[in-house]
Amino acid sequence: MPPRCTPDASRRAFLQGGAFGLLALVLGPRLAFAASSQVRRLRAVSIHTGERVDLAFHDGDRYLPGALAQLEHFLRDPFTRDVHPMDPAVLDIAWSVAHAAGREASEFQVVCGYRSPSTNAWLHARSPRGVDPNSLHLSGRAIDLRLAGLPTARLRDVAHRLQVGGVGFYPEDDFVHLDSGRPRSW
């Protein structure tokens, strides 16, 4: 006969689970990485500029300010060349997706990082349903990409399973949108 769960144990498990859920809502994407002491690295090529990066942006204990500055320059708006601070959580999400897919050594192809207001307005005018006028790209909280050797549908599935941030799938343009907003998908 299986052991029975006592009312106190059930209540304790329920409260602990509820506390974790509340913590997840408060901390959002950062929660998934809070326990990680791994070095986080981004390998990427910009499809617009042809520039490449391969650098660690977190050493397992803290973010590396010099690397974050290099990534902000790399992820700049390629049309206006405007540089904007990137939310480290979106970099964590990209790293985590590559890690979860077993593709840590693979290179991302970056379609879009930061997007200036003028570029966003221009893209929205060309594709009103595909480009949000209040896009998280405007605040450095989103990145559109592909991962070498991994079909974008699989990249979407891996990102969606992580349940951190937004995951958008654009099969006609062959990229996945990742952002550090609330978990959602489209």
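The values are calculated or read from the model by the stated rules, or taken from the named source; none is laboratory data. Fair warning: this is a prediction, and the values are worked out from it, not measured in the lab. Using ideal geometry, Cβ is built from the backbone for each residue, glycine included, and neighbour counts are taken over all protein chains shown.
Data for the structure
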{"quantity": "Filtered residue count, region 75-86, keeping only those that are surrounded by fewer than 21 Cβ atoms within 10 Å (Cβ to Cβ) and under 16 Å from the mean Cα position of the chain (by Cα)", "calculated": "1"}
{"quantity": "Boolean, Ser37 is more than 23 Å from Arg182 (Cβ to Cβ) and surrounded by 19 or more Cβ atoms within 10 Å (Cβ to Cβ)", "calculated": "no"}
{"quantity": "Filter pass, Asp92 being of a type in the set (D, E, K, R) and either farther than 20 Å from Ser180 by Cβ or in contact (Cβ under 8 Å) with a residue 40 or more places away in the chain (or both)", "calculated": "yes"}
{"quantity": "Qualifying positions in region 140-163 - in contact with a strand residue (DSSP E or B) (Cβ under 6 Å, 6 or more places away or on another chain) and charged (D, E, K, R)", "calculated": "Arg141, Asp144, Arg146, Arg156"}
{"quantity": "Of residues in region 87-127 being more than 18 Å from the chain's Cα centre (by Cα) and assigned to a loop (DSSP other than H, G, I, E, B), the one surrounded by the most Cβ atoms within 10 Å (Cβ to Cβ)", "calculated": "Ser116"}
{"quantity": "Members of region 137-165 found to be hydrophobic (A, V, I, L, M, F, W, C), surrounded by fewer than 17 Cβ atoms within 10 Å (Cβ to Cβ) and part of a loop (DSSP other than H, G, I, E, B), listed by number", "calculated": "Ala148"}
{"quantity": "Unique residue being in a strand (DSSP E or B) and either touching a residue at least 12 places away in the same chain (Cβ under 8 Å) or surrounded by fewer than 20 Cβ atoms within 10 Å (Cβ to Cβ) (or both) when the list is Gly130, Gly181, Gly168", "calculated": "Gly168"}
{"quantity": "Total residues in region 93-150, condition of a type in the set (Gly, Ala, Ser), in contact with a His (Cβ under 9 Å, 6 or more places away or on another chain) and at pLDDT below 95", "calculated": "1"}
